[in-house]
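Each remark here refers to the structure printed beneath this line.
Every number here is computed from the coordinates shown, using simple stated rules; none is lab data. All figures in this text were calculated on a predicted structure; none of them were measured in a lab. With ideal geometry, Cβ positions are generated from the backbone for all residues, glycine too; neighbour counts draw on all protein chains shown.
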Amino acid sequence: MKNIFLSTVVAAAALTSCSTVSSILQNTFPYSATVLVTSGSPANTTLSAVSAAQSINQLTGSGANVKDIRASNATLSVDSNSSMGMFKSVKVYLSSNGGQEVLVASREDIPDNMGSSLSLDVNSSTTLDAVMKGGSVQQRLVYVLKKSPTSDLTVKTSVGFSSVPITN
């Protein structure tokens, strides 16, 4: 009887820890998408660029083990010889399978003297379970430029997520 009880406790702990490890991996797994801002793009005009991204299921194969997925941090970066100061504002939206877009992060009034990386203000009030566990995730970057770029600019978006393991 003692062995059965001990085996049950060990099995329950193992299952719980698998969900926790899965959640930790998914929180720290790099999630990024890249878009191209072409040279000569007009300034002071709202523009957007779309990029395919990956869902948690595509990244780790175990998205069913977490819930309450929320954006926890987001950054935008450009080549080291460029500056994020050329942007007036940026917004990052995610959607899944052509569904409704969800605002994940944004930044308004970006200073001129920015380096090549910019931390965004994260929208952590919305859960992203449906988006991140969906089939194919799409990112749309909506931006306004202060001036037209003289050469093509590769913009990389990196988003970190927090989640809660499913332990039932």
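Residues whose amide H lies under 5 Å from that of MET114, counting only those 5 or more places away or on a different chain, are GLY85; hydrogens are built 1.01 Å from N in the peptide plane.
Taking amide H as placed 1.01 Å from N in the peptide plane, LEU128 has its amide H under 5 Å from the amide H of ILE69, ARG70, each at least 5 places away in sequence or on another chain.
Here GLU101, GLU108 are placed in order of increasing Cβ neighbour count within 10 Å, fewest first, which gives GLU108, GLU101.
The order of LEU47, LEU128, going from fewest to most other C-beta atoms within 10 Å of their C-beta, is LEU47, LEU128.
Of ASP112, ASP129, the sequence from fewest to most neighbouring Cβ atoms within 10 angstrom is ASP112, ASP129.
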